[in-house]
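A.B. asks: Please read through the structure below; I'll follow up with questions.
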Amino acid sequence: MARDGTATRTAIMDAAQALILETGFAAASVDAVIARAGITKGTFFYHFKTKADLALALVQRDAAHDAALLDANMTRAEALSRDPLQQILICMGLYEEELEKLTAPYPGCLYAAFIYEAQLFDDQTLAVARAVFSSWTARILDKLEAVMKLYRPRLPVDLKTLAEMSLVQAEGAYILSKVQRDPKAVAAQFRHYRNYLELLFMPADGPVSR
């Protein structure tokens with residue numbers, strides 16, 4: 001009976017991702033990945049023909065995970081409230097709640113690591129990273145447009161950049177968490193973003209949630 005290589009493939013990818021977040025893609029050599037994963041060189045090349053193939057698999061895996069998490073959080077928020085403002089506040093709160101559980105600094109963002117060394121990747125790999133950011137922005141923007149139909153913002157606002165602000169908060173928080181060795185930094189930034197949205201669209205008679 002043929003053995004299922006899924007566990008080995010996952011172990012290689014986990015080892016590679018940890019190394020990339022620690023040292024960068026260029027420094028995370030195939031030999032270093034092999035040593036971290038505890039496998040042979042033949043096993044590595046059985047699963048990935050090149051280091052570039054490994055990079056593509058990593059970014060595709062992260063993209064699928066992030067899309068599924070956003071969909072799960074937004075779907076949960078929509079089930080808990082019919083109000084679009086409440087929905088986006090709940091969605092951000094769900095991220096905050098999950099990140100509050102961190103006991104170690106956030107390791108970093110694979111997309112950011114790849115963008116920093118963009119010259120090392122082909123267009124296909126970078127296109128996946130761009131698609132992740134674009135998809136996230138579109139999902140948040142769609143909800144903000146629904147909010148705008150019901151609530152007048154207290155200040156002039158461009159909804160697209162407001163949606164992108166959630167990405168900016170997250171990416172900056174990953175760096176802050178790592179530099180300050182503070183596992184709570186990312187959750188705190190999601191809380192600030194959620195508070196800002198609530199204050200921006202708060203009705204004149206008071207906040208919509210606490």
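A.B. asks: Check the stretch 109-117 and report whether any residue there is open to solvent by 70 Å² or more (accessible area, probe 1.4 Å), more than 13 Å from the chain's Cα centre (by Cα), closer than 20 Å to GLN17 by Cβ and free of Cβ contacts under 8 Å to residues at least 40 places away in the same chain. Step through it out loud before you land on a result.
C.D. replies: Taking the stretch 109-117 as the starting set, the residues that turn out to be open to solvent by 70 Å² or more (accessible area, probe 1.4 Å) are 115-116.
Now restrict to residues that are more than 13 Å from the chain's Cα centre (by Cα): 115-116.
Going one step further and asking which of them are closer than 20 Å to GLN17 by Cβ, we end up with 115-116.
After this cut, where a residue has to be free of Cβ contacts under 8 Å to residues at least 40 places away in the same chain as well, the list is 115.
Taking every residue of the stretch 109-117 in turn, at least one turns out to be open to solvent by 70 Å² or more (accessible area, probe 1.4 Å), more than 13 Å from the chain's Cα centre (by Cα), closer than 20 Å to GLN17 by Cβ and free of Cβ contacts under 8 Å to residues at least 40 places away in the same chain.
A.B. asks: Right, another one. Looking at (1) open to solvent by less than 40 Å² (accessible area, probe 1.4 Å); (2) over 16 Å from the mean Cα position of the chain (by Cα); (3) β-branched (Val, Ile, Thr), can you tell me which one VAL128 breaks?
C.D. replies: If we test VAL128 against (1) open to solvent by less than 40 Å² (accessible area, probe 1.4 Å); (2) over 16 Å from the mean Cα position of the chain (by Cα); (3) β-branched (Val, Ile, Thr), just (2) comes out false.
A.B. asks: State all residues of the stretch 148-206 that are open to solvent by less than 90 Å² (accessible area, probe 1.4 Å) and of a type in the set (Gly, Ala, Ser); if no residue qualifies, say none.
C.D. replies: Residues satisfying the conditions are ALA163, SER166, ALA170, GLY172, ALA173, SER177, ALA185, ALA187, ALA188, GLY206.
A.B. asks: Having 3 or more residues that are farther than 30 Å from VAL59 by Cα is the bar; report the helices (runs of 4 or more DSSP H) wholly within the stretch 101-210 that clear it. Show your work before the answer.
C.D. replies: Details: elements: 110-116, 123-150, 159-180, 185-200.
The qualifying helices (runs of 4 or more DSSP H) are 123-150, 185-200.
A.B. asks: Can you work out which of the residues in the stretch 7-53 that are free of Cβ contacts under 8 Å to residues at least 60 places away in the same chain, within 15 Å of LEU120 (Cα to Cα) and of a type in the set (Val, Ile, Thr) is least open to solvent (accessible area, probe 1.4 Å)?
C.D. replies: So the residue we want is VAL30.
A.B. asks: Turning to a different aspect of this structure: Go through the stretch 79-101 and report how many residues are open to solvent by 50 Å² or more (accessible area, probe 1.4 Å) and of a type in the set (A, V, I, L, M).
C.D. replies: Summing the residues that are open to solvent by 50 Å² or more (accessible area, probe 1.4 Å) and of a type in the set (A, V, I, L, M) in the stretch 79-101 gives 2.
A.B. asks: Does TYR95 qualify as being hydroxyl-bearing (Ser, Thr, Tyr) and within 25 Å of LEU159 (Cα to Cα)?
C.D. replies: Values: hydroxyl-bearing (Ser, Thr, Tyr): yes; within 25 Å of LEU159 (Cα to Cα): yes.
Considered against the rule, which asks whether it is hydroxyl-bearing (Ser, Thr, Tyr) and within 25 Å of LEU159 (Cα to Cα), TYR95 comes out as yes.
The values are calculated or read from the model by the stated rules, or taken from the named source; none is laboratory data. These numbers were taken from a predicted model, which means no experiment stands behind them. Note that we place each Cβ from the backbone using ideal geometry, even for glycine, and neighbour counts take in every protein chain shown. Ligands, DNA and RNA are stripped out before the accessible areas are found, and what is left, the full protein with its side chains, is counted by its heavy atoms. Shrake-Rupley method; radii C 1.70, N 1.55, O 1.52, S 1.80 Å.
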